[in-house]
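S.K.: Following this message is one structure expressed as structure tokens.
None of the figures in this text is laboratory data; all of them are computed from the coordinates on show. What you see is a predicted model, and the numbers here were worked out from it, not measured in a lab. Here the Cβ positions follow ideal geometry from the backbone for every residue, glycine too, while neighbour counts run over all protein chains shown.
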Ligand code: B12
């Protein structure tokens, strides 16, 4: 099979959320190979992992993020696409770890202390990963200490904070200030339903985005 | 016509509006109580509602919102922070466990009974001209509490049979709960379906609206009003909500993305629209004058629609100042449709 065609297959599977052959979704692709099988095949055919990442995965997740912003697809569909991307990523991981392929940078993300909401944060993490970044997910209910420790071991990282409760927005402010005090040069982006551009300015963060697509634009602007 | 629609229409004829903010938690300061105490103790709970009724005299009143009651009654792990509503964190769940859950009779659960008894007290002791409401977790949101919200979203496309089974199970338990509430005197039942906002219109229909329709059928020929509440931006879902046979839809704020006059233009005028002042905006952190301004402007924008009840987009947080609720009530009471 032609290289273009293989990359197209992977892109199509990720965009439509076809994880692997056994996956029942989407119904019109039942019994067909998914992102898992096609990525394996592409690597066997000698296609470079960096090319699979940039020409198939990043492009697919870009489309997915846009469709989500435009309300053409919804949370479940986006989660499935991210899952398909992860299936492909599994095959690429060894190359990233060996240093054969470079990521754009490291993104540390977590939901702030007192807050257990993680679906939005997970989606942002997955789409950012799909955009070619390495992601370190600190989970939920993350306090300043944990963020500072993580930044301490990765000083060139970008940090993302998520909050879904008006009550935990106060904790977001504390964490942002703690981070900025110790690491003023670390870029900090915030998100979550109740936060906005004004709040970003108020707490001294550097970026705000309403959705994963916006997070990717912000991150990419840092390395442009 | 059911009393809710009748009263709404009657008020409109008199150029007035019914006024009912979704308030509960701010009332705790009136009785010097805490969320935890009130959510676990019938007398404490009722005292808060009585104080709110006396202070504000809304047209429709609800107990404190508590989305953990049904899941907790079904034995799911629940945490009780002192100053926040009880919550059901994610826990492992296998669909095989459903058979075990089936055997649980929720009517024997102390906290669930507590809500039922609170509604009974409301019905007996609050003024007759205040309609008594009750909250119930919707089928999809209850399924999401049982299996985890992210897994439920994923199951909506990957594991449709399993999710259907769980939502149907949730519906059956909800029906039992509603019967208890109605028996205790609830005149309006508000189904809370916050988690379903994540779904596509088709999935929303399949996992939420279809089950709500079955619940509505049971009360078609009664005086009990069924209200459908989903928070967040529901503009892509309102037609499904309104088409499910409910008597009213309760919608979130403009800040969340909901355009109330726009909704009124597309749904049937037989369905009452309840909303939609932002519960965490001006009313939480602005002045009373700002609240008056915001409420007047919402009322004005709805002037040409008879099927409207002034309310908040969602439950008010505990820290909302009482004088701002008073400003909300007063503006709503004094407003005249032009
Ligand atoms: C699911 C849910 C839960 C689940 C969480 C499950 C989980 N694993 O996340 C459970 C049941 C545990 C829960 C608990 C509670 N919840 Co809750 N929950 C929700 C619900 C229904 C959906 C949230 C969600 O996942 N949305 C979908 C995702 C995709 O959207 P999102 O999170 O906004 O993320 C997007 C953007 O904001 C952005 N984004 C998010 N993070 C970041 C980060 C960065 C860096 C960037 C750039 C972007 C970004 O990208 C995402 C994709 O577009 C909302 C109501 C609603 N309809 O929105 C309430 C809601 C958030 N919860 C609420 C409340 C009050 C609670 C509880 C206190 C009690 C309760 N009512 O149950 C507890 C608190 C627990 C705690 N300490 O955190 C309120 C918050 C009110 C407020 N403004 O303060 C809401 C709004 C419902 C309501 N009106 O009552 N909840």
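S.K.: Could you tell me how many degrees, from 0 to 90 and to the nearest 10, lie between the Cα long axis of helix B:42-56 and the main elongation axis, the longest principal axis, of the Cα atoms of chain B?
M.R.: Around 20 degrees separate the two axes.
S.K.: Count, for each residue of A:73-86, the Cβ atoms from other chains sitting within 10 Å of its Cβ, then give me the mean as a whole number.
M.R.: Neighbouring Cβ atoms belonging to other protein chains average 4 per residue here.
S.K.: Any chance you could give the angle, 0 to 90 degrees and rounded to 10, that helix A:75-98 forms with the longest Cα principal axis of chain A?
M.R.: 80 degrees
S.K.: For the protein assembly as shown, what does -39500 (n - 2.57) per DSSP helix run (n ≥ 4), summed and divided by total residues, give at 222 nm, in deg cm²/dmol to the nearest 500?
M.R.: On the way: 26 runs with 279 residues, N = 562.
Result for the protein assembly as shown: -15000 deg cm²/dmol, rounded to the nearest 500.
S.K.: Within the range A:82-124, which residues have the backbone N less than 13 Å from the label spot 7 Å out from residue A:134 along Cα→beta-carbon, could you tell me?
M.R.: A:93-108
S.K.: Quick check of the Kirkwood formula: for the protein assembly as shown, what is the inverse mean of 1/r over all pairs of different Cα atoms, in Å?
M.R.: Details: mean 1/r = 0.0400 Å⁻¹.
One decimal place: 25.0 Å for the Kirkwood radius.
S.K.: For chain A, what does the relative contact order come out to in percent, with C-alpha contacts under 8 Å and a separation of six or more?
M.R.: On the way: 379 pairs, mean separation 37.4, N = 224.
The value is 17 percent.
S.K.: So how much slack lies between residue B:303 and residue B:15, counting 0.36 nm per residue of separation and subtracting their Cα-Cα distance, in nm? Numbers along the way, then the final one.
M.R.: On the way: separation 288, 0.36 × 288 = 103.68 nm, distance 0.90 nm.
So the extension gain works out to 102.8 nm.
S.K.: Something else: Roughly how many nanometres apart are two label points built 7 Å out from the Cα toward the Cβ at residue B:57 and residue A:66?
M.R.: 5.8 nm
S.K.: Once fully extended, how much extra length lies between residue B:94 and residue B:326, figured as 0.36 nm per residue of separation less the alpha-carbon to alpha-carbon distance? If you can, show how the numbers build up before the last one.
M.R.: On the way: separation 232, 0.36 × 232 = 83.52 nm, distance 4.74 nm.
Using 0.36 nm per residue and subtracting the Cα-Cα distance, I get 78.8 nm.
S.K.: Sort A:5-15, B:116-126, B:32-42 by the packing proxy (mean of other Cβ within 10 Å over each peptide's residues), most packed first. Intermediate values should be presented prior to the final figure.
M.R.: Numbers: A:5-15: 22.0, B:116-126: 19.5, B:32-42: 18.0.
Most protected by this proxy first, the peptides run A:5-15, B:116-126, B:32-42.
S.K.: Pick from B:101, B:251, B:299: which residue has the top mean-square fluctuation in a GNM of chain B where Cα pairs under 10 Å get a spring?
M.R.: B:101
S.K.: Can you give me the distance in nm between label points at residue B:161 and residue B:290, each placed 7 Å from the Cα along the Cα-to-Cβ direction?
M.R.: 5.4 nm
S.K.: Still on this structure, please answer the following. Using alpha-carbon pairs under 8 Å, 6+ residues apart, how would you state the relative contact order of the range B:3-334 in percent?
M.R.: Computed value for the range B:3-334: 20 percent relative contact order.
S.K.: With r defined as the distance between the Cβ atoms of residue B:41 and residue B:103 and R0 fixed at 35 Å, what FRET efficiency is calculated, to the nearest 0.05? Mind showing how you got there, number by number?
M.R.: On the way: r = 28 Å, r/R0 = 0.80.
Here the calculated transfer efficiency is 0.80.
S.K.: Taking just the alpha carbons, could you work out the radius of gyration and Dmax for the range A:3-98, both in angstroms?
M.R.: Here Rg and the maximum Cα pair distance are 12.5, 38 Å.
S.K.: How are the Cα pair distances of the range B:236-338 distributed, in percent, across 10 Å bins from 0?
M.R.: Per 10 Å bin, starting at 0, the Cα pair percentages come out as 15, 48, 29, 7.
S.K.: Now, a different point. Enter the angle in degrees (range 0 to 90, nearest 10) between the Cα long axis of helix A:119-130 and the first principal axis of the Cα atoms of chain A, meaning the one along which they spread out most.
M.R.: Tilt of helix A:119-130: around 60 degrees.
S.K.: Could I ask something else about it? When a footprinting reagent is the concern and you count Cβ atoms within 10 Å, what order do A:68, B:328 take, fewest first?
M.R.: Details: A:68 20, B:328 28.
Ranked by crowding around the Cβ, least crowded first: A:68, B:328.
S.K.: At a Förster distance of 35 Å, what's the computed FRET efficiency of residue B:32 paired with residue B:125, Cβ-Cβ distance as r, to 0.05?
M.R.: Numbers: r = 20 Å, r/R0 = 0.58.
The computed FRET efficiency comes out at 0.95.
S.K.: What share of Cα pairs, in percent, lie more than 38 angstrom apart in the range B:3-334?
M.R.: Details: 4877 of 54946 pairs.
Of all Cα-Cα pairs in the range B:3-334, 9 percent lie more than 38 Å apart.
S.K.: Got a sec? How would B:57, A:91 order by Cβ neighbour count within 10 Å, fewest to most?
M.R.: On the way: B:57 15, A:91 20.
Neighbour counts put them in this order, fewest first: B:57, A:91.
S.K.: Can you sort A:38, A:133 so the residue with the fewest Cβ neighbours within 10 Å comes first? Present the calculation step by step, with values, prior to reporting the outcome.
M.R.: Working: A:38 30, A:133 23.
Least to most surrounded, the residues fall as A:133, A:38.
S.K.: If R0 is 35 Å, what FRET efficiency do you get for residue B:110 and residue A:201 from their C-beta distance, rounded to 0.05? It would help to have the intermediate numbers written out before the result.
M.R.: On the way: r = 48 Å, r/R0 = 1.36.
E(calc), rounded to 0.05, equals 0.15.
S.K.: Report the normalised scattering of the range A:106-223 as log10 I(q)/I(0) at q = 0.11, 0.14, 0.19 Å⁻¹, calculated by the Debye formula with identical scatterers on the alpha carbons.
M.R.: Here log10 of I(q) over I(0) equals -0.28, -0.46, -0.91.
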